[in-house]
1. Have a look at Gln173, Gln74, Gln204 and tell me which one the Gaussian network model of the chain (Cα, springs below 10 Å) gives the largest fluctuation.
2. What number, in percent, do you get for the relative contact order of segment 76-209 if the mean sequence gap of Cα pairs under 8 Å and at least 6 apart is divided by its residue count?
3. Sort Trp176, Trp154, Trp29 so that the residue with the fewest other Cβ atoms within 10 Å of its own Cβ comes first and the one with the most comes last.
4. Setting aside same-chain residues fewer than 8 positions from Lys180, which lysines have a Cα under 23 Å from its Cα?
5. Calculate, in whole percent, how much of the Cα-Cα pair population of segment 8-214 lies beyond 24 Å.
6. Please report, largest first and rounded to whole Å, the three semi-axes of the ellipsoid equivalent to segment 1-91, where each semi-axis is the square root of five times an eigenvalue of the C-alpha gyration tensor.
7. To the nearest 20 debye, what is the magnitude of the charge dipole of segment 8-214 about its Cα centre, counting +1 on the Cβ of each Lys and Arg and -1 on the Cβ of each Asp and Glu?
8. Per the helix-only calculation at 222 nm, which mean residue ellipticity applies to the chain, given -39500 (n - 2.57) for every DSSP H run of n ≥ 4 and division by its residues, nearest 500 deg cm²/dmol?
Amino acid sequence: MPLYEWNEELCRAYADGLRPMVRVDHAPWARKIVQRLGPVSPGYAVLDIATGPGFLLLEIGKRVPGVRLIAQDQASPMLAIARSEAERAGLRIETVCCPAEALAIPDASVDVVTCKQLLHEAADVDRTLGEMARVLRRPGTAFVIDFDAKGSYWAALATRTFLRFTRGAMIAQDFWRSFKAGVAGERVRSAMARTGFSAVEYQQVGFNYFIVGSR
């Protein structure tokens with residue numbers, strides 16, 4: 001996301017722009033994550049970093065009943081929207097307002113961390129990844145999704161065109177700027193390996209990377 005001033009008006013506009021994309025974006029990623037996790041115990045805690053409107057976290061919650069859902073974001077208006085989306089979906093979430101580089105979450109307190117489209121904006125990637133590792137229990141898993149500098153340019157261009165005609169200029173411009181700011185997934189995999197993750201897997205999916213780190 002761009003480093004805008006995330007006031008209530010902008011947060012609502014952003015959420016409204018993304019909501020129609022949940023079925024083709026957040027839901028498929030949630031399915032991929034849940035399939036990877038397999039069966040989980042009651043009380044399993046999932047933390048979504050930079051949750052925005054909470055769409056990815058809620059899609060996971062719909063597929064894994066009984067998990068504890070924790071939404072983190074630096075913008076309090078986004079968290080208010082995420083709580084409204086959760087209520088609409090019949091789910092309960094906890095919210096934490098803090099920077100991703102300094103999570104206000106205890107050590108070893110969650111089982112899963114998800115992070116979608118944040119690292120290309122992170123001021124300190126290693127510190128952000130180190131915070132993910134810190135809050136994870138052992139064994140724990142982090143799922144990181146973001147724009148891959150080595151991803152498919154043509155897939156990204158087609159997506160920008162689609163967004164321009166279906167979701168408007170703001171969402172299309174934001175997507176394109178974010179795609180161009182992406183880093184290579186291999187670099188992120190290396191960063192995770194040096195910030196506390198014992199096993200890291202990297203997969204390129206279209207213009208994104210899907211990285212799984214284990215503790």
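1. Most flexible of the set in this elastic network: Gln173.
2. Details: 173 pairs, mean separation 33.5, N = 134.
Rounded, it is 25 percent for segment 76-209.
3. Numbers: Trp176 17, Trp154 10, Trp29 20.
Ascending Cβ contact count within 10 Å gives the list Trp154, Trp176, Trp29.
4. Of all the lysines, those that pass the test against Lys180 - Cα under 23 Å, at least 8 places apart if same chain - are Lys116, Lys150.
5. Numbers: 7921 of 21321 pairs.
Result for the distance tail: 37 percent.
6. Values: eigenvalues 110, 37, 26 Å².
Semi-axes from the Cα gyration tensor: 23, 14, 11 Å.
7. Values: 26 positive and 22 negative charges, 123 e Å.
For this selection, approximately 600 debye.
8. Values: 8 runs with 92 residues, N = 215.
That calculation yields -13000 deg cm²/dmol at 222 nm.
We did not get these values from a lab; they are worked out from the coordinates using the rules stated. What you see is a predicted model; the values in this text were computed from it and never measured. Here Cβ is always computed from backbone atoms with ideal geometry, including for glycine, and neighbour counts include all displayed protein chains.
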